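Take a look at the structure below.
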Amino acid sequence: MVDRHGAEVAASVAASPDQAPFDPDLSKVFEALENGVRGYETAAQETSDPVVTALLRDLGRRRETARADVVRVAAEELSAEPEGLRGTVPGAIHRGWIKLEGAVAGDQAIVESAITGEEEAIDDLEAALDQPLPEAVADAVRRALDEVHRAVDELRRVAAGG
């Protein structure tokens, strides 16, 4: 299988005799999680409020843990080294936008931009759960999805001033 960047993604698993074979494409999951790690790092560097900076750093660490969990489980279950751990061009553009927003519009705009990025991650993670996955991989993706939802809730509280 080849991801949208042309990199080979080895994510096949031999099916048991009573299962149809499948070849899940988890590159968008890995990319979404990596974009989150990098995005929170960028956002934390651009904020001026120490409370917001601390939250963004914490969310980045939590995303890094979720990413590592999904990668570990996918590697174990699919006997493959996952691709997509470099993030995406749109993610890099979004991080550039965060820097610009921080310079022009301040912390509120950075938090709102982080929410936008998280909503895209939610879409990618939910789409992954629509394909057949080994149960352990689906559980890891669900845990990551839950973490992204918690992050959005926290970011929305900050955006609302509380």
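The values are calculated or read from the model by the stated rules, or taken from the named source; none is laboratory data. Predicted model only: the values in this text are computed from it and were never measured. Because the Cβ atoms are built from the backbone with ideal geometry, glycine has one as well, and the counts that use them run over all protein chains shown. Only protein heavy atoms, including side chains, enter the accessible area calculation; ligands, DNA and RNA are left aside. Shrake-Rupley method; radii C 1.70, N 1.55, O 1.52, S 1.80 Å.
How many residues are open to solvent by less than 50 Å² (accessible area, probe 1.4 Å), more than 20 Å from residue 125 (Cβ to Cβ) and in contact (Cβ under 8 Å) with a residue 60 or more places away in the chain when one looks only at the range 40-72?
Looking only at that region, the number is 3.
Can you tell me which residue is modelled with the lowest pLDDT among those in the range 73-91 that are outside any loop (DSSP other than H, G, I, E, B) and surrounded by 17 or more Cβ atoms within 10 Å (Cβ to Cβ)?
Residue satisfying both the conditions and the ranking: 91.
Residue-by-condition table, conditions (1) at pLDDT 90 or above; (2) within 24 Å of residue 134 (Cα to Cα):
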residue	(1), (2)
2	no, yes
5	no, no
15	no, yes
19	no, yes
22	no, yes
41	yes, no
52	yes, no
55	yes, no
59	yes, no
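Write out, first by first residue and then by second, each pair whose Cβ atoms fall under 8 Å of each other, whose residues are 6+ apart or on separate chains, and whose first residue, in the range 124-140, is charged (D, E, K, R) while the second is part of a helix (DSSP H, G or I) and modelled with pLDDT under 95.
Sorted first by the residue in the range 124-140, then by its partner, the pairs are 124/28; 124/29; 124/31; 124/32; 139/73.
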